[in-house]
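Below is one structure, written out as structure tokens; comments come after it.
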Amino acid sequence: MLTKELVVLNRSGIHARVSTMIAQRCRGFASEVRLRHGNAVADCRSVLDLLSLGASNGTTLLLEAVGEDAAEVIEAISALFAIRFNEDEESTAPPPK
Amino acid sequence: MKFADFILSDAVRAEVSATDKPGVIREMLQAILDADGMKKADYEGIVQAVIKREELGSTGIGRGIAVPHTKHPSVKRLVGCVAVSADGIDFEALDCEKVQLFFLLISPPDAPGDHLRALEHITRQLKDDTFCRFLKQSKTKEDILSLLEEADNNMFGK
């Protein structure tokens, strides 16, 4: 299993449109992909799961992937976080490392 | 956050009469208006705002659930309503299934935290199959309110 810590940088957090974007980005990858927030875990292909994390701006999440293309899907999802899901907003969270 | 914090009990609808997407949005917003949850003059503007948000991507998030929403200065706090359609409505959901459960939210501008916490509460409860099934089977407003209250009292969900 590959993992990577990600910080929610967009101001509005992991809301419905962002969750949909994450779920759709997982299409085409074979690996299992999950996001963890404390004890809560979400299947990244499920918008319902992602919304249930309640991840707001500044939250640190752990991205996990298991499968043959785990590295690629981690890269793809990380890129969405890095560009703040194309939400053109100022953020109070620190910039990506 | 709990359902009681944002769901207007007078705006809960067990059997929606609408059969299409714009219709159910209008019917739910009318329910909020009738429950004094918004100003009458803002009704049409909020209808258009919710529909415009849907054009960015359906809030039909799968498993027969939709969470249509918008921000609007007509509300001073987060308000929401619940509606159930026994037959389901084509809401252009992500999984292409008809939607039976609707949670509509209107947030004041610049209150993303409350909106996110409401979505978190709604989806955490709906991950529980029993709660989700019972809600879809609700025939009366009282059935729905009772289920929401039980959920608020941690009788469902994780």
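Worth pointing out:
- Loop-located trypsin sites (Lys or Arg not before Pro) in the stretch B:98-153 (DSSP state other than H, G, I, E, B) with a sparse environment of at most 15 neighbouring Cβ atoms within 10 Å: B:K98, B:K139.
- Interface area, A with B, accessible, probe 1.4 Å, both sides summed, Å² nearest 100: 1500
- Phi-derived couplings, Karplus 6.51 cos²θ - 1.76 cosθ + 1.60 at θ = phi - 60°, listed residue by residue for the stretch B:56-72: 6, x, 4, 8, x, 8, x, 6, x, 10, 9, 10, x, 7, 7, 9, 7 Hz, with x used for Gly and Pro.
- In this simple spin-label model, placing a label point 7 Å from the Cα along the Cα-to-Cβ direction at both A:R27 and B:E92 gives a separation of 1.4 nm.
- Anisotropy class of the stretch B:1-58 from Cα gyration tensor, a/c 1.5 cut: rounded
- Angstrom value of the Kirkwood radius, inverse mean 1/r, which spans all Cα pairs in the stretch A:2-86: 12.3
- With helices as the sole contributors, chain B gives -12500 deg cm²/dmol at 222 nm; each DSSP H run of n ≥ 4 counts as -39500 (n - 2.57), and the sum is divided by every residue.
- Convex hull of chain B built on C-alpha atoms - directionally averaged projected area, nm²: 8.1
- Sparse-neighbourhood loop sites, GluC sites (Glu not before Pro) in the stretch B:94-158 - DSSP loop, at most 16 other Cβ within 10 angstrom: B:E97
- Averaging the sequence gap over all C-alpha pairs within less than 8 Å and six or more residues apart, then dividing by the number of residues, gives chain B a relative contact order of 27 percent.
- Expressed to the nearest 5 percent, the antiparallel share of DSSP beta bridges inside the protein assembly as shown is 75 percent.
- Chain A, helix-only ellipticity at 222 nm - DSSP H runs n ≥ 4, -39,500 (n - 2.57), divided by all residues, nearest 500: -8500 deg cm²/dmol
- Oblate is the label for the stretch B:85-158, because the ratio a/c of its alpha-carbon gyration tensor axes (a ≥ b ≥ c) is 1.5 or higher and a/b is not greater than b/c.
- Cross-link pairs B:K2/B:K71; B:K40/B:K139; B:K39/B:K139; B:K98/B:K141; B:K76/B:K127; B:K40/B:K76 - those with Cα-Cα distance over 24 Å: B:K40/B:K139; B:K39/B:K139; B:K76/B:K127
- Given 13 as the ceiling on other Cβ atoms within 10 Å, longest exposed-site-free region of chain A for GluC sites (Glu not before Pro) in DSSP loops: A:1-67
- Taking the Kirkwood radius as Rh and the Cα radius of gyration as Rg, the protein assembly as shown has a ratio of Rg/Rh equal to 0.97.
- When the GluC sites (Glu not before Pro) in the stretch B:1-61 are filtered for DSSP coil states and for at most 16 other beta-carbon atoms within 10 Å of their beta-carbon, the remaining sites are B:E15.
- Potential extension, B:E55-B:D110 segment - 0.36 nm per residue separation minus Cα distance: 17.7 nm
The values are calculated or read from the model by the stated rules, or taken from the named source; none is laboratory data. In this text the structure is predicted, and so the values were computed from the model without any measurement. As a convention, Cβ positions derive from the backbone with ideal geometry for all residues, glycine included, and neighbour counts pool all protein chains shown. For accessibility, only protein heavy atoms count, side chains too; no ligands or nucleic acids. Shrake-Rupley method; radii C 1.70, N 1.55, O 1.52, S 1.80 Å.
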